[in-house]
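The values are calculated or read from the model by the stated rules, or taken from the named source; none is laboratory data. In this text, all values refer to a predicted model and were calculated from it rather than measured experimentally. Every residue, glycine among them, receives a Cβ derived from its backbone with ideal geometry; neighbour counts consider all protein chains shown. For the accessible areas, the whole protein counts, side chains as well, though only heavy atoms, and no ligand, DNA or RNA atoms are used. Shrake-Rupley method; radii C 1.70, N 1.55, O 1.52, S 1.80 Å.
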Amino acid sequence: MGAQTRESLAAVTDRAQSVTGVTQDAVSGLFQAGRAIAAYPSLLSALADPGHDPADRSTLLDGAMGSLPAASRQLLDHVVELSWSAPADLLAGIEHLGVRVSAGLADVDTLASELLQASRVIRGHAELQLALSDKRATTESKVSIVEAIFSKKVDPASLAVIAHVVAQPRGRRASDALQEAAELVLDHDGRGLAEVQVAQALSAAQHKDVGALLQKKFGRDHYLDVVMTPEVIGGARIRVGDLVMDGSVSTQLNEMRLQLAG
């Protein structure tokens, strides 16, 4: 990721915190605009070209998306007026803004939970993962698949995010893209995401203890995505980003076996 993109994503994060008076329909319009822009590489390149000043980019948008609702257009302008290291990064900016604004409109825990559930559903079905990751498949077909599976199971805000992220994965597996979206949602709320693998459900006291451990280690609260994993036997395996804290009984037993064998 280039320096311009890092600075622009930080600006998008700040702007998402200050966005007011928008609806989920406006966010859905932003997502639709992002998918439309991606379908025309020359338009995408022109909008991301730092050689075009913001007024030129606005004129391009007027010609290409004159029918876009004003609220969605205002959100899109927040992204297009920034500078990006590569054209594809502008699409990342649209996703970041849309997901973060959605987090401000919805119940954060519900939105994060439903994104993570969708990620697990897709990850658990290899054929579905392949279908949604197929570069030959159209955006419309991917959106249709997602709507058929999730429209009656998740809130409208969650469905809009799931459909957009899956339809425009930008080189990621669909399940991984959804997890990243959940992380954005929680980050917007000032929290991190921790996957907690356990053999049995956490008690209220255990949930509190794990939360306190993570708060102390990382300096902020974390949403605990508790995943039932019988093979850990006991204890817990906690993953935060690339860091894994493994206190599972299965790992302890394996370490004992290695010590005995040595």
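Summary of computed values
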{"read-out": "Filtered residue count, segment 156-177, keeping only those that are assigned to a loop (DSSP other than H, G, I, E, B) and either open to solvent by less than 10 Å² (accessible area, probe 1.4 Å) or touching a Leu at 6+ places or on another chain (Cβ under 7 Å) (or both)", "value": "2"}
{"read-out": "Enumerated helices (runs of 4 or more DSSP H) restricted to segment 1-107, each holding at least 1 residues that are among the basic types (Lys, Arg) and more than 23 Å from residue 166 (Cβ to Cβ)", "value": "3-18, 54-64, 70-80"}
{"read-out": "Residue identified as farther than 26 Å from residue 98 by Cα and either at pLDDT 95 or above or not acidic (Asp, Glu) (or both) among 206, 168", "value": "206"}
{"read-out": "Among (1) out of contact with any Ser or Thr (no Cβ under 9 Å at 6 or more places or on another chain); (2) part of a helix (DSSP H, G or I); (3) open to solvent by 20 Å² or more (accessible area, probe 1.4 Å); (4) not polar (S, T, N, Q), the one test that residue 114 misses", "value": "(1)"}
{"read-out": "Output for segment 65-85, where each listed residue is open to solvent by 40 Å² or more (accessible area, probe 1.4 Å) and farther than 16 Å from residue 27 by Cβ", "value": "66, 67, 81, 83, 85"}
{"read-out": "Tally of residues being among the aliphatic types (A, V, I, L, M), without any contact (Cβ under 8 Å) to a residue 40 or more places away in the chain and open to solvent by 60 Å² or more (accessible area, probe 1.4 Å) across segment 31-64", "value": "2"}
